[in-house]
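For reference, the structure discussed in these notes is given below.
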Amino acid sequence: MSKIFNNVMSPKSSLHHLFELIFEHSLREQEIVEVDPDLENLTAKSDVILDFVKYCCKKLDIVGKPVVKITGDREKEGIITTAHYNIPKSEIAVYAKGRYLPDVLRSIAHELVHMSQHEKGELEKHPMQHIGGYLEDDANARAGALVKAYGLVDSNKKIFTEARGGRSGS
């Protein structure tokens, strides 16, 4: 039975391809990236941010549909540091004013790792610490790796030369 399942779900099978298409379509069904219009440079890159979120969700085997809010207003989104993951809403908020695109992407990836940890039941197994500890160390390491791997793809190399978020000239 497991051999049949493995064959059906192998990357070469048409059923596997169908599941990938359904997943891609389901991500497009809902607007999952909202960029604050005051962050002009990042608003122009919302397609890159959406592509990166899809990339991370696929790499992290995330089942849910995250909503990612990129903001220039920490208080409005309740952000204390640079980002946070709201578990009940499956919502990620990232403070991006004055930050470079790769740094914003790293914050998104970090919070998506926390979403993945939540889906796999890891948040309940390990104590949440704001500095250090298994969950934070894992999220930091995997986020950096995701940004680097995404940026090393030829069509994505431009993410490392992008301007900071915010109004032009800021």
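For the pairs Lys97/Lys125; Lys125/Lys157; Lys45/Lys148, flag any whose C-alpha to C-alpha distance is greater than 26 Å. Walk me through the intermediate numbers first.
On the way: Lys97/Lys125 34 Å; Lys125/Lys157 37 Å; Lys45/Lys148 18 Å.
Where the Cα-Cα span goes over 26 Å, the pairs concerned are Lys97/Lys125; Lys125/Lys157.
Here the extension length gained between Ala145 and Lys120 equals 7.0 nm, from 0.36 nm per residue of separation less the Cα-Cα distance. In a DSSP loop and with at most 14 other Cβ atoms within 10 Å, there are no chymotrypsin sites (Phe, Trp or Tyr not before Pro) in the range 56-128.
Whole-Hz Karplus values for the range 85-91 come out as 10, 8, 4, x, 8, 6, 10 Hz, taken residue by residue from phi with 6.51 cos²θ - 1.76 cosθ + 1.60 and θ = phi - 60°; glycine and proline positions read x.
With 0.36 nm allotted per residue and the present C-alpha distance subtracted, the Asp51-Ile80 stretch has 7.8 nm of extension available. Backbone amide hydrogens, once placed in the peptide plane, bring Val68 within less than 5 Å of Val33, Glu34, Ile92, excluding anything fewer than 5 places away on its chain.
Among 32-42, 107-117, 57-67, what's the highest-first ranking by average C-beta atoms within 10 angstrom per residue? Let's see the in-between values first.
Details: 32-42: 19.3, 107-117: 24.5, 57-67: 15.8.
In descending order of packing, they fall as 107-117, 32-42, 57-67.
At a probe radius of 1.4 angstrom, the accessible area of the range 42-156 per residue rounds to 49 square angstrom.
The values are calculated or read from the model by the stated rules, or taken from the named source; none is laboratory data. Given the structure is predicted, the values throughout are model-derived calculations rather than measurements. In this analysis, Cβ positions are derived from the backbone assuming ideal geometry, glycine residues included, and neighbour counts consider all displayed protein chains. Note: areas computed on protein heavy atoms with side chains; ligands, DNA, RNA excluded. Shrake-Rupley method; radii C 1.70, N 1.55, O 1.52, S 1.80 Å.
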